[in-house]
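Read the figures in this text as sums done on the coordinates, not as results from a lab. Note that the structure is predicted; figures quoted are calculated from it, not measured. Reconstructed Cβ throughout: ideal geometry from the backbone, glycine too, with neighbour counts over all protein chains shown.
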Amino acid sequence: MIILNDICKTYGVGNTETAALKDVSLCIERGSFCSVVGTSGSGKSTLLNIIGCLDSPDSGTYFLDNEEINKVGASRLAYIRNTKIGFVFQNFNLIKGLNIMENIELPLIFSGIPRKQRHELVLEAVEKVGLSLKKYHRPNELSGGQQQRVAIARAIINNPSLILADEPTGNLDSASGREIMNLLRGLNKKGSTVVMITHDMECAEMTDRIIRIKEGKIQ
């Protein structure tokens, strides 16, 4: 599903240049559950951002579903991000002024889905993550684990084939972290490809494959 060939990415200019990724080549099979581990500054987030079409490499090629991402325009990239990829972040990134249903609905609005269909899809997603009884609560009325479940529901609302999770258990206690890992594993078993950044080796060992990165290079 994912093919990276000789990917390089550098930030800064002149004496402040930092090579975040150095000739990274990587293949990720469709339907797999992979974790990416490495110390702070190793290049994990840059790698995830490139896979998620949030950033572009300085050199090298990236294929997603046999499509060369380097060659597509901005509108096509936006379409890919909204329909093929679901993002889960460490800090949840929920909108405080919206209730759970409204937060989950946002990607559907951007996709132009009619209101009645949006409502049905959101109800289904809320049920998948076990929050039907709290669907009209706001984020500040939920625990950290519940907020992350909302974030996952929002990530899967467009039925993406790829889920990218950046430290999804990083702000959670161990029990909530296990719940989130079980939820991601369940989504993976239903067909989603999952790529997860984590510093928690216990979480990494729950995945099919551990990808180690150090100083911008795959080990």
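How many nm is it between the label spots at ASN66 and CYS8, if each spot is 7 Å from the Cα in line with the beta carbon?
So the two model labels end up 3.1 nm from each other.
Short version: what are the Cα gyration tensor semi-axes of the chain, square root of 5 times each eigenvalue, largest first, in whole Å? List each step's numbers first, then the result.
On the way: eigenvalues 173, 81, 50 Å².
Semi-axes, largest first: 29, 20, 16 Å.
Evaluate the distance, in nm, between pseudo-label points positioned 7 Å from the Cα of SER143 and of GLN117 along their respective Cα→Cβ axes.
3.6 nm
Could you give me the ³J(HN,Hα) list for the range 90-98, computed from phi with Karplus coefficients 6.51, -1.76, 1.60 and θ = phi - 60°, whole Hz, x at Gly and Pro?
Using θ = phi - 60°, the values come out as 4, 9, 6, 6, 8, 8, 4, x, 9 Hz.
From the residues GLY41, SER75, GLY12, which one has its Cα farthest along the dipole of the range 1-84 in the positive direction, the dipole being from +1 and -1 charges on Cβ of Lys/Arg and Asp/Glu about the Cα centre?
SER75
Straight-line reach from LYS96: which lysines have a Cα under 17 Å away, not including same-chain ones fewer than 8 places off?
List returned: LYS134, LYS135.
Report ³J(HN,Hα) in whole Hz for each residue of the range 148-161, in order, from the Karplus equation J = 6.51 cos²θ - 1.76 cosθ + 1.60 where θ = phi - 60°; Gly and Pro get x.
5, 5, 4, 4, 5, 4, 5, 5, 9, 4, 8, 6, x, 7
Enumerate the aspartates and glutamates that LYS9 could reach by cross-link, defined here as Cα to Cα under 18 Å, with residues fewer than 8 away along the same chain left out.
The reachable aspartates and glutamates, counting only those whose Cα sits under 18 Å from LYS9, are GLU17, ASP23, ASP55, ASP58, GLU68, GLU215.
Using a simple charge model, +1 on the beta-carbon of Lys and Arg, -1 on the beta-carbon of Asp and Glu, nothing else, what dipole does the chain show about its Cα centre, in debye to the nearest 20? Mind dumping the intermediate values first?
Details: 26 positive and 24 negative charges, 118 e Å.
For this selection, approximately 560 debye.
Convert each backbone phi in the range 123-139 into a coupling constant with the Karplus relation 6.51 cos²θ - 1.76 cosθ + 1.60 (shift: θ = phi - 60°), then list the ³J(HN,Hα) values in order as whole Hz, x for Gly and Pro.
Here the 3J(HN,Hα) series is 4, 5, 5, 4, 5, 4, 9, x, 10, 4, 6, 10, 5, 9, 6, 9, x Hz.
I'd like the orientation of helix 100-110 relative to the chain: the angle between its Cα long axis and the longest Cα principal axis, in ° from 0 to 90, rounded to 10.
Relative to the chain, helix 100-110 is tipped by roughly 60 degrees.
Residues with amide H under 5 Å of ILE218's amide H, sequence separation 5 or more or different chain, H placed in the peptide plane at 1.01 Å from N; which?
SER25
Which cross-chain or sequence-distant (5 or more) residues have an amide H under 5 Å from the amide H of MET196, H modelled 1.01 Å from N in plane?
Hits under the 5 Å cutoff: CYS34, SER35, VAL36, ALA165.
What is the angle, in °, between the Cα long axis of helix 74-83 and the longest principal axis of the Cα atoms in the chain? Nearest 10 is fine, range 0 to 90.
Here the helix axis deviates by roughly 50 degrees.
So, in Å, what gap is there between the alpha-carbon centers of the range 70-144 and the range 16-56?
Cα centroid to Cα centroid, the span is 24 Å.
Pairs to check: LYS128/LYS189; LYS22/LYS71; LYS189/LYS217; LYS189/LYS214. Give those whose C-alpha atoms are more than 23 Å from each other in this structure.
Working: LYS128/LYS189 14 Å; LYS22/LYS71 21 Å; LYS189/LYS217 29 Å; LYS189/LYS214 29 Å.
Distance filter (> 23 Å) returns LYS189/LYS217; LYS189/LYS214.
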